[in-house]
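*Asks:* Structure incoming, see below.
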Amino acid sequence: MSTIVLSNLHKRFGDFTAVRNTNLTISAGRFVVLLGPSGCGKTTTLRMIAGLELPTSGQIHIDGEDVTALRARQRDIAFVFQMFALYPHMSVRNNIAFPLKNEGISRREIAARVESAARMLRIENILDRKTGGLSGGDRQRVALGRAIVRHPKAFLMDEPLGTLDADFRELMCLELRKLHNTLKATTIYVTHDQSEAMAMADDVVVMNQGEVLQSASPHEVYHSPATVFVGNFIGSPPMNFLAVDAAVEAGAEQVSLGGAPVAVARVDAYASQSLLGIRPEHVLIDPRAALRGRVIADEYLGSHQILVVETSLGIVRVRVGKDEGRAAGAQVGLSFRKERTLLYDAASGKMLPGAARQMAVNGNGNGDAYV
């Protein structure tokens, strides 16, 4: 297990900046997911850690060693690609053994490591088959086996499940997490799929336009997004954001939305223009509420429903029980759970500090954590 530290990491391709002054510490033994939309810099960051790209500036340390200028083969990492990168004319056994043969490992040691990896991945029965005729799931296991046998300092994975169908991808998410729990190796996994990230990660690193916006547990990223972008990107449906009528003073516990007074968790900073953020499950249908709206859609999702409510401030999505829907056109009042509100500076998009952040991370103060 190795700790990986990125210090002021920067990468430009001509006039385009792919990664901007990234500072990130990935602790030994953690499963860390780099998450963000296409072009956000996550794969470029992974390739720099691997040694497949050299940074324009900044440093990379693996296990305390400065590896910034070292070639990929000198870094003792294993890389799993999206397209598997297997040799179709070779057997599964020879594909898995290939990196060990290149390192000059003894035949006896190679055989033992291949058998051990095959048992772990449950592919003993296909060791002598050619990889060209295997299913996508089996080829993915072979690619993982080839990485496992090297006993590297860290595993780097670039959207390894991207070519699999939805059902098998869900199964492989579980398999990868179980594998990590067994190996306890430092793992960095790149994806644009928030479901994969939230299901597998110890820590989620959300990126956009080359910058790290937040690095935290899945629970904190969901309940306490550091920026408006994170709140919009994480969650389905995403967080609601509503413009506050007037400036917010430090210490405020009430704001005005469309002329309606709304109680909020205390904020500890001033903002001339701000947005109130609230997850759909923390919006309540309340006939007494001053904020009013009209239901324009009711999305039935089996275990629950999402009401799409049109208000003077824009669309608000409300999560309700499976039997609590409203017909289109119904007029409803909306109130918010005070302890679950978050306020963001409209100009920077960053969350204002206050009581809500710690509440969102830890629960409601009574030992309850909202999901």
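*Asks:* Let me know the shape class of the range 129-196, please: from the alpha-carbon gyration tensor, a ≥ b ≥ c as square roots of the eigenvalues, rounded when a/c is under 1.5, otherwise prolate if a/b is greater than b/c, or oblate.
*Replies:* On the way: a/c = 1.78, a/b = 1.10, b/c = 1.63.
Oblate, since a/c reaches 1.5 and b/c is not below a/b.
*Asks:* Then there is this: Show me 45-53, 10-18 ranked by packing, highest mean number of other Cβ atoms within 10 Å first. Each step should come with its number before you reach the end.
*Replies:* Numbers: 45-53: 21.2, 10-18: 13.1.
Ranked from most to least packed, the peptides come out as 45-53, 10-18.
*Asks:* Based on the inverse mean of 1/r over its pairs of different Cα atoms, what is the Kirkwood hydrodynamic radius of the chain, in Å?
*Replies:* Result for the chain stands at 23.0 Å.
*Asks:* Rounded to two decimals, what is the ratio between the C-alpha radius of gyration of the range 228-362 and 2.2 N^0.38 Å?
*Replies:* Numbers: Rg = 14.5 Å, N = 135, 2.2 N^0.38 = 14.2 Å.
The range 228-362 yields a ratio of 1.02.
*Asks:* Quickly work out the residue 209-to-residue 103 label distance, labels modelled 7 Å from Cα along the C-beta direction, and quote it in nm with one decimal.
*Replies:* Those two pseudo-labels are separated by 4.2 nm.
*Asks:* Now, a different point. What order, most packed first, do the peptides 104-112, 273-281, 153-161, 304-312 have when packing is the mean number of other Cβ atoms within 10 Å of each residue? Before the final figure, lay out each step's value.
*Replies:* Working: 104-112: 12.0, 273-281: 21.2, 153-161: 23.0, 304-312: 18.3.
Going from most to least packed, we get 153-161, 273-281, 304-312, 104-112.
*Asks:* Once you keep just the Cα pairs under 8 angstrom separated by 6 or more residues, what percentage relative contact order results for the range 228-362? Walk me through the numbers before you get to the answer.
*Replies:* Numbers: 326 pairs, mean separation 36.4, N = 135.
Relative contact order for the range 228-362 comes out at 27 percent.
*Asks:* Count the lysine pairs in the chain whose Cα atoms sit under 28 Å apart, keeping only pairs 8 or more residues apart in sequence or on different chains.
*Replies:* Eligible lysine pairs with Cα atoms under 28 Å apart amount to 16.
*Asks:* GNM on the chain, C-alpha springs below 10 Å: top fluctuator among 193, 345, 165?
*Replies:* Ranking 193, 345, 165 by mean-square fluctuation puts 165 first.
*Asks:* Hey, what does the equivalent ellipsoid look like for the range 4-223, semi-axes from the Cα gyration tensor as sqrt of 5 times each eigenvalue, largest first, whole Å? Don't skip to the answer; put the middle values down first.
*Replies:* Numbers: eigenvalues 170, 81, 48 Å².
Computed over the range 4-223, the values are 29, 20, 16 Å.
*Asks:* Given the options 92, 44, 290, identify the residue whose Cα lies farthest towards the positive end of the charge dipole of the chain (+1 on Cβ of Lys, Arg; -1 on Cβ of Asp, Glu).
*Replies:* Highest projection toward the positive end goes to 92.
*Asks:* Full-extension gain between residue 124 and residue 315, please, as 0.36 nm times their residue separation minus the C-alpha to C-alpha distance.
*Replies:* On the way: separation 191, 0.36 × 191 = 68.76 nm, distance 5.36 nm.
Full extension of this stretch gives 63.4 nm more.
*Asks:* Separation between the residue 59 and residue 337 pseudo-spin-labels, each 7 Å from Cα along Cα→Cβ, expressed in nm?
*Replies:* Here the answer is 4.5 nm between the modelled labels.
*Asks:* Along the charge dipole of the chain, which of 325, 314, 120 sits closest to the positive end, that is, farthest toward it, with unit charges on the beta carbon of Lys, Arg, Asp and Glu (+1, +1, -1, -1)?
*Replies:* About the Cα centre, the residue reaching furthest to the positive side is 120.
*Asks:* Taking the Cα centre as origin and putting +1 on Lys and Arg beta-carbons and -1 on Asp and Glu beta-carbons, what dipole magnitude results for the chain, to the nearest 20 debye?
*Replies:* Working: 41 positive and 38 negative charges, 225 e Å.
The calculation lands at about 1080 debye.
*Asks:* Right, another one. Run the simple label-point estimate for residue 21 and residue 181 please: 7 Å along Cα→C-beta, distance reported in nm.
*Replies:* Spacing of the two 7 Å Cα→Cβ label points: 4.1 nm.
*Asks:* With r as the distance between the Cβ atoms of residue 303 and residue 10 and R0 = 35 Å, compute the FRET efficiency 1/(1 + (r/R0)^6) and round to 0.05.
*Replies:* On the way: r = 45 Å, r/R0 = 1.28.
With a Förster radius of 35 Å, E is 0.20.
*Asks:* Note down the magnitude of the dipole of the range 228-362 about its Cα centre, charges +1 on Lys and Arg C-beta and -1 on Asp and Glu C-beta and zero elsewhere, to the nearest 20 debye.
*Replies:* Working: 14 positive and 13 negative charges, 29 e Å.
That gives a dipole near 140 debye.
*Asks:* Expressed as a rounded percentage, what relative contact order does the chain have, with Cα pairs under 8 Å and six or more residues apart?
*Replies:* Details: 800 pairs, mean separation 55.2, N = 371.
Relative contact order of the chain: 15 percent.
*Asks:* Related question: Quick check: convex hull of the Cα atoms in the range 62-148, volume per residue, rounded to a whole Å³?
*Replies:* On the way: hull volume 10.0 nm³, N = 87.
Spelled out: Cα convex hull of the range 62-148, divided by residues, is 115 Å³.
Values in this text are rule-based calculations from the coordinates and carry no lab data. Just so it is clear, the model here is predicted, and its values are computed rather than measured. Quick reminder, even Gly has a Cβ in these numbers, built from the backbone with ideal geometry, and neighbours come from all protein chains shown.
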